[in-house]
Each structure stands twice: as C-alpha cells, then as structure tokens.
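To keep things clear, I will list the structure first and then write my remarks on it.
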Amino acid sequence: MVLEQEIIIEGIPYSVVISDEAETLLAAKAAGRVIVGMAGKKENPPLSMARYLVESPEAADNLYLERVVRRQAHLPWVIGESRRILLREFTCEDANQVLQEPEDQDADRVFYEPDRLLAYIENQYGLFEYGLWAVVEKERGKVIGKAGITRVDSQGQMELAYHIFRPYRRQGYGEEACRIVLQYVKEEYDCPVYAVLEAENNASRTLLEKLGFAVMEQKYSESGHLYYLYEPC
C-alpha cells in the first residue's frame, strides 16, 4: 500500500509518503521526501528506514503528519498557545534570546550556548519528544522563558518545570505556559504530573495550587523541597 499526502507548513508544501513497502520508502527517502512506515501486518518486511510508523492510514492524521514533517525538516513542534504566548520547541536561533540569570545552573547554560542547544534539540526532542520548550510572547516574537517536562519518574509521572525570565515575571506568563504544558500532557500521555520546589518559594506554591496541584504530604525532602502532584481529570 502506498499513500501520498501533502502537508503545508508556514506556506511551504511537503510531500509525505506512507507505505508498508520497504523499497517504496527507501526510494522516497532517497528523493528527499518525508516518509512514514505502515507496520500493520506482521509479514511486512522490516521498515527500519522509517523513523515513524503507524498501524493504519487513519492513524496518520494531519496533526501527526505535521509533527513528522517538522521533525524531519528541523522545524520546531508547536506545543500549544494562549492569547499572549506560544509554547514551542527551541531552535538554535533562540540561544541569542535566552537571558542569563544569577541563579542559573549548568543545565540552564544549554539554552544559551548554541552548540549545546543543538545537541539538546537533536537528542532530547528527537529521542523523547518532550523536554523544556520556549515560551514565546506572540506580539513581539520574543523568548521570555521556558516551560515543559524535564523527566519521567519510575511511576510514570512527568515532572513539570518552568522558568520565566525576570523582566517578564508577575504578569501571568508562567500560569499560561504551565496550563499549556498540562493540557499537552493530558492529551498526549494522560498521566499524573508532579512538581518540586523549595518550601519558601511562595510564588511557585501559589501558582501550583492555582493550577490544581496538591501537596504530597509524605514527600517533604530533607533539603526543604516540597512535592506537588497534579492528576488530569
């Protein structure tokens, strides 16, 4: 079976070939086209050349194919948006907009050092398809912070993290970004989300409670951190 579909992103058309035939996919890939393997039948030959596989044509809807195209064309995935902000994957060009702040740790340097940011994009997004995403103010197109999922624990719970740069704090951007993250997790993974913060961080405590998180009484750490849990309805 061979299906072809055109996906338009930012005004540019991309041709996607969906097939359960290895030779067809190899030829399409060699021609620079986007490919998706269909692996619904056990007797199909190995489709190792296809990074993305679907079990049926119906599974390859427009949203799914747009994400596949964006990954292959090195375009950022759009996670979601609100009236004021867009939450999307980081691009290498964003490194110039990420503000360096006094409390930054080594992990924060990833986002303002282009080489490290490129590695993060290729490995974190490419392998796991989640991570910290850029919070972009839509009106000016400026990166004003980051928010997303940093890890998955042994119980399958995802950790929420966010950081709004100092000039943009206390304006509600953190809440908007976190709500987009939580909605995305609900739609894509439908799993609980937890957050860890210092006990004296009253601003973050207020925000988490506003978002519907509840403190996990049994998980106060010796270092003075609090654990909060959010379970999608």
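The residues listed here are ALA50, ALA107; of these, the one that is farther than 22 Å from GLY174 by Cβ and over 14 Å from the mean Cα position of the chain (by Cα) is ALA50.
Take the residues in segment 1-40 that are more than 14 Å from LEU65 (Cα to Cα) and of a type in the set (Asp, Glu), then tell me which one is least open to solvent (accessible area, probe 1.4 Å). Here the residue is ASP20. Name the single residue that is most open to solvent (accessible area, probe 1.4 Å) among those in segment 73-84 being over 15 Å from the mean Cα position of the chain (by Cα) and not hydrophobic (A, V, I, L, M, F, W, C). The extreme case among them is ARG83. Applying the selection to segment 59-107, what residues are part of a helix (DSSP H, G or I) and touching a residue at least 60 places away in the same chain (Cβ under 8 Å)? Across segment 59-107, the qualifying residues are LEU65, VAL69, ARG70. Against the conditions (1) of a type in the set (D, E, K, R); (2) in contact with a Lys or Arg (Cβ under 9 Å, 6 or more places away or on another chain); (3) farther than 23 Å from ARG166 by Cα; (4) crowded, with 18+ Cβ neighbours inside 10 Å, ARG70 satisfies every one except (2). Counting only residues that are among the basic types (Lys, Arg) and open to solvent by 60 Å² or more (accessible area, probe 1.4 Å), segment 51-67 holds 1 of them. Filtered by the rule that a residue be surrounded by 18 or more Cβ atoms within 10 Å (Cβ to Cβ) and of a type in the set (A, V, I, L, M, F, W, C), segment 85-98 gives ILE85, LEU86, LEU87, PHE90, ALA95, VAL98. Among the strands (runs of 3 or more DSSP E) confined to segment 132-233, the ones with at least 2 residues that are closer than 24 Å to LEU86 by Cβ are located at 132-137, 142-152, 158-164, 193-198.
Please work out if HIS163 is touching a strand residue (DSSP E or B) at 6+ places or on another chain (Cβ under 9 Å) and buried (at least 18 other Cβ atoms within 10 Å of the Cβ). For HIS163, the condition - touching a strand residue (DSSP E or B) at 6+ places or on another chain (Cβ under 9 Å) and buried (at least 18 other Cβ atoms within 10 Å of the Cβ) - is met.
The values are calculated or read from the model by the stated rules, or taken from the named source; none is laboratory data. Fair warning: this is a prediction, and the values are worked out from it, not measured in the lab. Counting neighbours? That spans all protein chains shown, and the Cβs are built from the backbone with ideal geometry, glycine included. Heavy atoms of the whole protein, side chains included, go into the accessibility calculation; ligands, DNA and RNA do not. Shrake-Rupley method; radii C 1.70, N 1.55, O 1.52, S 1.80 Å.
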